[in-house]
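One structure below.
Quick note: the coordinates plus some simple rules give every number you see, no bench work behind them. Keep in mind that what you see is a predicted model, and the values were worked out from it rather than measured. Glycine gets a Cβ as well: all are built from the backbone with ideal geometry, and neighbour counts include every protein chain shown.
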Amino acid sequence: MKKTYPNSFKDAKNLPEIYIKEVKRTDIEMLIKIDYKAEYNGHAFNVNFPKDQTKIIIGTADAELAKENGFERSDKYYYEKLVDVRDVKLIELWQEI
């Protein structure tokens, strides 16, 4: 079943299409949550994927690590940096839930 984004979503026409299939809980063998980290300069950082698929935003709450790697402060306790996707190694973290 195809779903639509609520009107409150910005730029909804450019977001990916969403399809949902309802299944019985007893039919599910395993649930997995997939998270991503980016390895940059030998450290693992949080990652955010903007629409431009050649760049990603990496982030950390570690002020010293952020300073060493040229991050900019984006929040009171958080730092981010826009980097080329070729400059990082993406790591998939799978967690059974």
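Show me the ranking of peptides 3-9, 56-62 by mean Cβ neighbours inside 10 Å, starting with the highest.
56-62, 3-9
Give the lysines whose C-alpha is closer than 26 Å to that of K55, dropping any in the same chain fewer than 8 places away, or say none.
Counting by Cα, and skipping residues close in sequence, K55 has these lysines nearby: K10, K13, K33, K37, K67, K76, K81, K89.
Choose one of N46, A66, I97: the residue whose Cα lies farthest towards the positive end of the charge dipole of the chain (beta-carbon charges +1 Lys, Arg; -1 Asp, Glu; about the Cα centre).
I97
Using a Förster radius of 35 Å, what is the FRET efficiency between L90 and T26 based on their Cβ-Cβ separation? Nearest 0.05, please.
Taking R0 as 35 Å, the efficiency between L90 and T26 is 0.55.
List, in order, the whole-Hz ³J(HN,Hα) value for each residue of the range 72-86 obtained from phi through the Karplus relation with A = 6.51, B = -1.76, C = 1.60 and θ = phi - 60°; use x for Gly and Pro.
10, 5, 10, 7, 4, 10, 9, 10, 9, 8, 8, 10, 5, 4, 6
Could you work out how far apart the two model spin labels at K33 and S8 are, taking each label as a point 7 Å from the Cα in the direction of the beta carbon, and quote it in nm?
Computed distance between label sites K33 and S8 equals 2.2 nm.
Mean shadow of the chain, computed from the convex hull of its alpha carbons, in nm²?
Mean orientational projected area (the chain, Cα hull): 8.9 nm².
What ranking do 66-79, 25-38 get when scored by the average of other Cβ atoms within 10 Å per residue, highest first?
For the peptides 66-79, 25-38, the packing ranking is 66-79, 25-38.
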